[in-house]
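Here is the structure we will look at.
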Ligand SMILES: Cc1ncc(COP(=O)(O)O)c(C=O)c1O
């Protein structure tokens, strides 16, 4: 069993030299081509060992935080594992458990508060193993109907929670970046087709309008698509409103193929004024995409619904289950108001695929930038089916409540001040008198002591600290203890 602090002494001998010697000792000769696939005593042991390790890790009561090693140190401890004859599963698992895993920060540690943490439910992460074991192809109904059906159950539930019509549908893709890209590709395709039908040429440059606070993946998608991004100015609180969007649409006329509203910015958790933006896009006939990769999960909490008013008018939305819906990496739910538009934009055509694409079946591959796909929505389906939606609402509400409590605590402490009141579960604050180097040294110390992972962020050029709270295991006492360490 691994421990929660301090480094674990590798059980696997840790030098390239020793691995090589052991390799030479292995008597395995190259045998039958089906040796890796046939059920033998050796394969049974391998599967049992892997499942036993996964079981131990999934049930850690005290999750180790861990931290990265240098490339030199990892080369010293762990190189030499790829050999002609293999090192055997027990040594490979030991190498992973004792050397490689401790060199990966546990994003599900309750003190992991940087970027956007992950906190998969135990049911979801256990079921991820079932998805792998079942060898399901999740791209087509013909091959994966049962899995596709279950994923669609989740997508339809999410769509109805977001106020989208019953015909809305979508697909689980790898993450918010691919979800945003796929939605924008669909939006441009729809705009292009409308123009062609009207006998009008494309604009010299297509434009997507979003807030200056929008996630970097929107710029990335625009680069991939070779379109321009026009930023609309948010208000002093960082929220984008319809009037700023309308001004941009006035300037760029109908070169704009989509407007992106953010349902929870990454740095602050700010939700744009989606209702006023939707009023503008509806009136002008422009595609509205809501990037709710991090924050849209909060709409499942009844008291937060009003914050997200207008989402139901979106043409496409995303929310990442690997963020605040307690699924393991990696999964983004991408939902379209009219899935037929996505099919037209994304379906790949090839002779060998005709049998799939010429059928009226629901083929998830055809709704995004992808072909082969893992049924990555199944872990969320299993956990939702197991625990029920109320449990999800309660777990999300915990983070929102905790963010407010710790924000009050920060405001009450000398030497600390909030940069903004939290809207969701991200709390940004400053420690008076500290420069970036002070924040960084403190952050390094916190990780070295295996207490928490809190990296500095910045706002308007000022270094700041940021708690992103996702895990229901994160407590007020843990956060208050971190604040205490800022006093020294
Ligand atoms: C608002 C927002 N959009 C998009 C993304 C990108 O998501 P992913 O990292 O899953 O690609 C993130 C990631 O943090 C995000 O917070």
Checklist entry - Can you find even one residue in region 435-451 that is touching a residue at least 12 places away in the same chain (Cβ under 8 Å), touching a helix residue (DSSP H, G or I) at 6+ places or on another chain (Cβ under 6 Å) and closer than 30 Å to residue 301 by Cβ? => result no
Checklist outcome for this item: For region 448-463 the number of residues that are surrounded by 15 or more Cβ atoms within 10 Å (Cβ to Cβ) and either more than 23 Å from residue 324 (Cβ to Cβ) or over 23 Å from the mean Cα position of the chain (by Cα) (or both) is 3
Checklist entry - In this structure, is residue 327 modelled with pLDDT of 95 or more, under 30 Å from residue 194 (Cα atoms) and touching a helix residue (DSSP H, G or I) at 6+ places or on another chain (Cβ under 7 Å)? => result no
Checklist entry - Restricting region 345-384 to residues that are modelled with pLDDT of 95 or more and farther than 19 Å from residue 169 by Cβ, which is surrounded by the fewest Cβ atoms within 10 Å (Cβ to Cβ)? => result 372
Checklist entry - Do we find that residue 126 is more than 16 Å from the ligand (Cβ to nearest atom) and under 19 Å from the mean Cα position of the chain (by Cα) in this structure? => result yes
Next on the checklist: Take the residues in region 159-186 that are more than 16 Å from the ligand (Cβ to nearest atom) and in a helix (DSSP H, G or I); name whichever of them is surrounded by the most Cβ atoms within 10 Å (Cβ to Cβ).
Outcome noted: 186
Item to check | Criterion: surrounded by 24 or more Cβ atoms within 10 Å (Cβ to Cβ) and either over 20 Å from residue 221 (Cα atoms) or more than 11 Å from the ligand (Cβ to nearest atom) (or both) - qualifying residue of 315, 291 | outcome: 315
Checklist outcome for this item: So the helices (runs of 4 or more DSSP H) completely within region 60-148 holding 2 or more residues that are more than 28 Å from residue 386 (Cβ to Cβ) and without any contact (Cβ under 8 Å) to a residue 24 or more places away in the chain are 71-78
Item to check | Of all residues in region 187-210 being touching a strand residue (DSSP E or B) at 6+ places or on another chain (Cβ under 6 Å) and outside any loop (DSSP other than H, G, I, E, B), the one that is surrounded by the most Cβ atoms within 10 Å (Cβ to Cβ) | outcome: 209
Checklist entry - Within region 213-226, restricting attention to residues that are outside any helix (DSSP H, G or I) and touching a residue at least 24 places away in the same chain (Cβ under 8 Å), which residue is nearest to residue 459 (Cα to Cα)? => result 213
Checklist entry - Can you name the number of the only condition in (1) within 18 Å of residue 345 (Cβ to Cβ); (2) crowded, with 20+ Cβ neighbours inside 10 Å; (3) away from the ligand (no atom under 16 Å from the Cβ) that residue 151 fails? => result (1)
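The values are calculated or read from the model by the stated rules, or taken from the named source; none is laboratory data. Predicted model, so just to flag it, every value in this text is computed and none were measured. With ideal geometry, Cβ positions are generated from the backbone for all residues, glycine too; neighbour counts draw on all protein chains shown.
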